[in-house]
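Here's the structure we're looking at; comments come further down.
Taken together, the values in this text are just the output of simple stated rules run on the coordinates, not laboratory data. Note that this is a predicted model, so its numbers are computed, not measured. Here Cβ is always computed from backbone atoms with ideal geometry, including for glycine, and neighbour counts include all displayed protein chains.
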Amino acid sequence: MPEEHRQPEGYHAAWFSSAKKKGYSGVATFSRVQPLAVTFDLPDPAFQGEGRVIHLELPEFHYFNIYFPNGQKDEQRLAYKLGFYDAFLRHAEDMRKEKPIVVCGDFNTAHKALDLARPKQNEGTSGFLPIERAWLDRFIDCGYVDTFRHVHGDAPDMYSWWSFRAGARERNVGWRIDYFFVSEELLPRVKNAWIDVDVMGSDHCPVGLELDI
C-alpha cells in the first residue's frame, strides 16, 4: 500500500493487523485530532492477537474501532465470538467510568429481523442466532445506542453487507451488521447517522456518524 494511503497527510493513522495469521482481519483508524492515547487489543489475553481492536482515547470520549469475530466456522468459533463480545463489554464499561464510549465496526450480527433481507432463512445461521442477538439486546440494555436506528427508526431494506454470490447486492439481499453505537450519555450529541449504500469496492459499504462535540 502506498505510503500516502498508509499515512494520509493531516491525519493521525493507527494500524493493527493479526499477529497469528498474515492477511487475516486487521483494522485501521485515521483521526484529524491527535489522540491522547492509542491502545490495541482487549485487555483479556484470551482475545488478543487477531488484530481486531484499536482504541483511541480522545478528549471527549473513548473511540473503539473493532472487527468482531465471525462465528460461522464451528461451535468453537461461535463461543470465541461470544466471549469476545463479553470481554469487550467489560472493557467498555471500565472505560466508560472515565468518559463516554463510541464504538464502530463490523459486529457480525444482525440485531433484528428488520436488519437482514431474509430473516426466516437465516434463523440457524451465525450472525442471526438468538444467542448473538440476545447479546446485542444486553449491550443496548447496558446503555449503548444503535445510532442508525436512533436517527432513522425502522427504515427498511437498509443493509451494510452483501454476499458476493448470486448478485446479492444488485438485489439488495443484505445484512446490517456494521454499526456505530454510543453510550447513552452522548445521545444529545448525535446529529446524524447513515449508511453509504452507493459506495462500492467491497462486500461491505461505509457507515457514518456525526457528533456535535
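Some observations on this one:
- Dipole magnitude of the range 2-86, debye to nearest 20 (Cβ charges: Lys/Arg +1, Asp/Glu -1, about Cα centre): 340
- For the chain, the dipole from Cβ point charges (+1 on Lys and Arg, -1 on Asp and Glu) about the Cα centre works out to 560 debye, to the nearest 20.
- Of the trypsin sites (Lys or Arg not before Pro) in the range 157-213, the ones in a loop by DSSP (not H, G, I, E or B) with at most 13 other beta carbons within 10 Å are Arg171.
- Quick note on the chain: its Rg to Rh ratio, both from C-alpha atoms and Rh being the Kirkwood radius, is 0.94.
- Here each label is just a point 7 Å from Cα along the line to Cβ, and for Ala113 and Gln34 those points are 5.3 nm apart.
- In loop segments of the range 1-72 as defined by DSSP, the GluC sites (Glu not before Pro) with at most 10 further C-beta atoms inside 10 Å of their C-beta are Glu9.
- When the Cα atoms of the range 10-117 are aligned to their principal axes, the ranges along those axes come out at 40, 33, 29 Å in descending order.
- Once exposed loop chymotrypsin sites (Phe, Trp or Tyr not before Pro) are cut out (DSSP; at most 15 other Cβ, 10 Å), longest piece of the chain: 25-163
- Fraction of alpha-carbon pairs over 18 Å apart in the range 27-68 - percent: 26
- Note on the range 46-191: dipole from Cβ charges, positive end direction compared against Ser126, Gly167, Val145; the farthest Cα belongs to Gly167.
- Just so you know, the Rg over Rh for the range 106-170 is 0.97, from Cα atoms, with Rh as the Kirkwood radius.
- Under the convention that each Lys and Arg Cβ holds +1 and each Asp and Glu Cβ holds -1, the size of the dipole of the range 139-213 around its Cα centre is about 240 debye.
- Of the trypsin sites (Lys or Arg not before Pro) found in the range 71-135, those in coil by DSSP whose Cβ has at most 13 other Cβ atoms within 10 Å are Lys73, Lys97.
- Sum of -39500 (n - 2.57) over DSSP H runs of 4+, divided by residues of the chain (222 nm, nearest 500): -6500 deg cm²/dmol
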